[in-house]
Amino acid sequence: MVLAVGVVAAVLALLQPAGPAWAANPVLDPEDDADLVATLAEATQVQGVCYGYLLTVDDGDTGEWGGTYAASSGGEGVRAPDADGCPQGTVELVAQVTYTSELSDAEDSASWGLVSDVPGLTIADVEAADVSADGLLDDDGSAATLLDAVQSLPRLAAEEAGLEPVVAEPSTDAPPEGARATDSPGNDRLRENLVLLGLSVAAVLSGLVALVASSRPSRPTDPWRSR
């Protein structure tokens with residue numbers, strides 16, 4: 001009897017919908033998070049401050065996106081206060097997105113704030129760059145909104161708290177095979193297809209000349225010369 005109950009419980013557990021996976025983040029996908037982590041980690045090396053975001057999603061409609069998501073200098077899924085190597089403190093953008101049920105009269109909403117150990121840095125500094133939490137509700141622009149807000153934090157810390165600016169390192173990657181400097185400014189696509197373009201223009205002009213010639217009325221024959 002006990003065995004039968006255990007089997008039933010196991011089957012019911014398998015039938016329960018799984019909790020939201022990391023990829024279920026409705027704003028950033030894992031690739032975006034990985035790029036963000038790399039950028040923030042570089043800022044931490046320069047300034048000694050750990051940066052990140054904490055996104056809480058309340059999905060009252062389907063429940064598909066509900067959950068808590070985070071990324072920081074310490075890695076994907078790691079909150080900034082939990083990251084290592086932050087001697088100058090932490091700065092975390094804390095955002096809340098609420099998706100209401102289709103049966104509800106209430107509208108979806110979004111809000112955010114800034115939890116910071118860096119003096120003089122507030123959410124108003126983030127929004128001064130014409131970015132707001134409402135952008136998190138835009139399906140096409142939510143990722144850009146969150147990325148812009150979080151990636152602005154190291155720059156704002158330098159401006160508002162006097163920390164060392166983070167300068168982007170020049171790329172050391174080798175250029176693609178076959179890439180070379182043309183030493184001539186202009187549109188590369190146009191330059192590569194210049195010969196074909198010239199032939200096309202010549203063909204069009206020749207066609208126009210032939211069309212004009214064929215449409216020109218013929219000179220009438222002098223009847224006296226035919227005698």
Suppose a student asked you for the relative contact order of the range 19-161, using Cα pairs under 8 Å spaced at least 6 residues apart; what percent would you report? 21 percent
Can you give me the convex hull volume of the Cα atoms of the range 19-161, divided per residue and expressed in Å³? 96 Å³
Which three numbers, in whole Å and largest first, are the semi-axes of the equivalent ellipsoid of the range 71-136 derived from its Cα gyration tensor as √(5λ)? 28, 16, 8
Rank by packing, highest mean first: peptides 124-131, 49-56, with packing defined as the count of other Cβ atoms within 10 Å averaged across residues. 49-56, 124-131
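The numbers here are math on the coordinates, done by the rules we state, and not lab data. All of these numbers come straight from a predicted model, not from anything done at the bench. Here Cβ is always computed from backbone atoms with ideal geometry, including for glycine, and neighbour counts include all displayed protein chains.
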